[in-house]
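Okay, here's the structure, questions in a sec.
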Amino acid sequence: MNIAKISAVAVAATVLAGCAAKQDVSRFEAEKPKTVCIAEHQAVKEGVVTSLQSGFAKHNVQTRVIPANYVMKHQAYQTDISAANTEGCDAVVFYVANWRWDLALYMAYANIWVTNVDQSKTIAQASYRTGGGLDKFIDANDKIIELVDSMFQQVEAKKQQESQKKAI
């Protein structure tokens, strides 16, 4: 291989490495909720709610969609929900997701956060931000379910350890 080809490969590898997607997660630490209210975000594509419902169902968590008002203030979403709508729920799920266009429509960003019912404490959160490379063309449904799964990892691992201790 000549120097020009090696340089081209090195530059391409460097550029693509900087384009990786980023995911951040804070997991449920104690018990997982049994029922969550999903605060519907009208400005986000409709399929996100269905993906959230599927993700929570995988972990035997029931869901109920409730109306919500999301307002952007100081570069963060402020949410407004009615306490009457959260009756019977152990937690409330909020979400945002943004799509962009580049040869095809793709989900560029998603954030899911779960609070206690009175919204005084975030009990789990997962976010995804795409890089600039070809890895941005992911299946949004699968990514949302993966984000939900990631919030449950710690609780599921703890439950599995306890089952193994009982078996011994």
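The values are calculated or read from the model by the stated rules, or taken from the named source; none is laboratory data. These figures come from a predicted structure and were not determined experimentally. Neighbour counts run over all protein chains shown; Cβ positions are idealised from the backbone, glycine included. Only protein heavy atoms, including side chains, enter the accessible area calculation; ligands, DNA and RNA are left aside. Shrake-Rupley method; radii C 1.70, N 1.55, O 1.52, S 1.80 Å.
Provide the solvent-accessible area of SER120, counting protein heavy atoms only and rolling a 1.4 Å probe, rounded to the nearest 10 Å².
Answer for SER120: close to 90 Å² accessible.
What distance in nm lies between label points placed 7 Å from Cα along the C-beta direction at SER120 and TRP99?
Modelled inter-label distance: 3.9 nm.
While we're here: Compute, for ARG64, the solvent-accessible surface of its heavy atoms (probe 1.4 Å) with the complete set of protein chains present, and express it in square angstrom to the nearest 10.
90 Å²
Given Cβ point charges of +1 (Lys, Arg) and -1 (Asp, Glu) and nothing else, what value in debye, to the nearest 20, does the dipole of region 81-151 about its Cα centre take? The partial results should precede the final answer.
Values: 5 positive and 9 negative charges, 59 e Å.
Computed charge dipole of region 81-151: roughly 280 debye.
Same structure, new question: Obtain the nm distance between the two label points defined at HIS74 and GLU87 by a simple spin-label model: each point lies 7 Å from its Cα along the Cα-to-C-beta direction.
3.3 nm
Also, quick follow-up: At 1.4 Å probe size, with no ligands or nucleic acids counted, give the accessible surface of ILE138 in Å², nearest ten.
Its heavy atoms expose roughly 60 Å² to the probe.
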